[in-house]
Amino acid sequence: MHRIATIAAPVVLAGTLALAGCGSAGSSRAESRPQRTASTTTSAPPVRPDGPVDALVPVGADGERMHLTCTGAGDETIVLVSGFGDDGSSWDLVAPELAEEARVCIPVRFGLGTSDAPPRVQTFATEAEDLHHLLAAAGEPGPYIVAGHSFGGAEAVAFAAAHPEDVTGLLLLDASPTTWPEAACAVPDDGSEAAGSFQAACASFSDPAANPERLDGPAAFDEVAQVRSLGDVPMAVLTRADVVYPGLAPASEQALAETWQAGQEHWASLSSAAEVVPVERTGHGIQLEQPGVVVDQVRALLD
């Protein structure tokens, strides 16, 4: 068990996210990816901490705290954003490798792990602001390379859209499409276990009172669907090469697979420096099944 400290930090005022697994090794295409020039207001690089952090950090207006762990040191900071209901443990095979050459931070959203209960109903936009405040309050400066899995991929997009000056690279791991609530909730309940799992998941992320994050899934995806461009931020969109949902009726499985593929192409369309990277031999949790692929893709985004 890690000891969890509490960082006493000033509260930063507020400013202005289903169902799907892992990947296999693939070649990096960093050489062909256009590089983005980060905008800076000073010639001096940010001073980054180099010691480990495992702390509850005040973030909310009333002192609500979020859990943050950071390890490693380097000239860049990598932020790993987990999927719906994930307390960050899905990054256990990736973070140690990346921490050998960069600063790596894993936030835990309100309602998960040891983080406090959410102070309000959440969308990806509000979760992105919580994340921005968390990093600032903990003294972990940007810019960042942000990697997001599943619903966390949508949150990463919301973060990059709200704070483009703070993001120099974006990695989406089987990120849930903006149309996912509609598609997942349209799966008919035919009595099968697979269909039942979709019905249960839909009920959870569609009702803020039914999940610990108080996430309003439909509203969250509707908001992030309004993001039209992320400029030329270098972006890799990793997705399962084979999108299958065993146990579903063939028509439902095909409809979901088509929705998923179209969603990955949509994410890639947001940046002029994006590429879709299909990952073989994996399910939805690419960072667990094929961590080497994820590490290689993040390294390609490092300077």
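The values are calculated or read from the model by the stated rules, or taken from the named source; none is laboratory data. Bear in mind that the values here come from a model prediction, so they are computed numbers and not experimental data. As a convention, Cβ positions derive from the backbone with ideal geometry for all residues, glycine included, and neighbour counts pool all protein chains shown.
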Query - Residues located in the range 73-83, provided they are over 9 Å from the mean Cα position of the chain (by Cα) and either of a type in the set (Gly, Ala, Ser) or part of a loop (DSSP other than H, G, I, E, B) (or both) - result: Ala73, Gly74, Asp75, Glu76
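Take the range 69-96 and flag every residue that is under 23 Å from Thr168 (Cβ atoms) and surrounded by fewer than 17 Cβ atoms within 10 Å (Cβ to Cβ). Explain how you work it out, then say what you get.
Start the filter on the range 69-96 by keeping residues that are under 23 Å from Thr168 (Cβ atoms), which leaves 69-83, 88, 91, 94-96.
Selection gives Asp75, Pro96.
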Report summary line: Considering residues that are part of a helix (DSSP H, G or I) and touching a Phe, Trp or Tyr at 6+ places or on another chain (Cβ under 9 Å), the number found within the range 250-280 is 7
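Conditions tested, residue by residue: (1) among the polar types (S, T, N, Q); (2) at pLDDT 95 or above; (3) part of a strand (DSSP E or B).
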position	(1), (2), (3)
Val11	no, no, no
Leu19	no, no, no
Ser28	yes, no, no
Asp87	no, yes, no
Pro107	no, yes, yes
Pro118	no, yes, no
**Report entry** Any chance Ala225 is of a type in the set (Gly, Ala, Ser), closer than 19 Å to Leu112 by Cβ and at pLDDT 95 or above
**Finding:** no
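Each row is one residue, and each column tells you yes or no for (1) of a type in the set (Ser, Thr, Tyr); (2) within 27 Å of Asp92 (Cα to Cα); (3) part of a helix (DSSP H, G or I).
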| residue | (1), (2), (3) |
| --- | --- |
| Asp222 | no, no, yes |
| Val227 | no, no, no |
| Leu238 | no, yes, no |
| Leu248 | no, no, no |
Report summary line: A careful count of residues in the range 144-168 that are part of a helix (DSSP H, G or I), out of contact with any Phe, Trp or Tyr (no Cβ under 8 Å at 6 or more places or on another chain) and surrounded by fewer than 24 Cβ atoms within 10 Å (Cβ to Cβ) gives 4
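Look at the range 97-110 and say how many of its residues are over 14 Å from Pro49 (Cα atoms) and crowded, with 18+ Cβ neighbours inside 10 Å. Steps first, answer last, please.
Of all residues in the range 97-110, those over 14 Å from Pro49 (Cα atoms) come to 97-98, 100, 106-110.
Those left that are additionally crowded, with 18+ Cβ neighbours inside 10 Å: 98, 106-110.
So the count comes out to 6.
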